[in-house]
Amino acid sequence: MRKNQNFEIDYNVFDDLYNEICFTDKYLSMKEHIAHSDVSTYDHSVRVARECYKYAVTNEIDCDLKALVKAALLHDYYLYDWHKTPKFTFHGFKHALTAARNAEKDYGLTPKEKNIIESHMFPLNPLHLPRCKEAWILIRFDRRCSLAEIFAQKEKGTV
């Protein structure tokens, strides 16, 4: 665990993947879909990816940073607003697989990246177990960011 609080994080790996993925029309369309409260899936996914990256680098976690960041950026790449689409009643159980399928088609995924995305809602999708530390990191920070987004709205009194 890094003890130096003044540690400067090099965001080059993060920035390269962000620039490669986040400026496509489909990815930008995520700004129109709500993830939690009033936070778009775009903002949520970028926030989660940034937090995963920051955690892994700051704590010198021996992991595949590129796979972690790419999967985190694409973990909610389901491309619909689940609040407005009644046929997606089981969104929490299914969206990880939809996101992985869309990401595979549009960006290509390694088997590790696919597992990270498909397992990010574990244990809601028990057939897709997290098989690497990158998946567990994404699970941790997706939950942390989701809860922060939800409770920020509750504090504002708008939920």
What spacing in nm lies between the two simple spin-label points modelled at PHE151 and ASP16, each 7 Å away from Cα in the Cβ direction? 3.6 nm
Residue among ILE21, ILE61, ILE117 with the largest mean-square fluctuation in a Gaussian network model of the chain, springs linking Cα atoms under 10 Å: ILE61
Debye intensity ratio I(q)/I(0), log10, the stretch 17-107, q values 0.17 Å⁻¹ (C-alpha model): -0.72
Per-pair calculated FRET efficiency, R0 = 30 Å: LYS84 and TYR55 via Cβ, rounded to 0.05: 0.40
From the cross-link list LYS26/LYS66; LYS84/LYS133; LYS26/LYS114; LYS31/LYS105, which pairs have alpha carbons spaced over 24 Å apart? LYS84/LYS133
Once the principal axes of the Cα atoms of the chain are found, what is the range along each, listed largest first in whole angstroms? 47, 39, 32
List the residues, sorted by chain then number, that are 5 or more residues from SER40 or on another chain and whose placed amide H is less than 5 Å from its amide H. ALA35
Report the relative contact order of the stretch 9-114, percent, no decimals, based on alpha-carbon pairs under 8 angstrom and at least 6 residues apart. 26 percent
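Quick note: the coordinates plus some simple rules give every number you see, no bench work behind them. On a predicted model such as this, the values are computed, not experimentally measured, just so you know. Cβ sites come from the backbone with ideal geometry, for glycine too, and all protein chains shown count toward neighbours.
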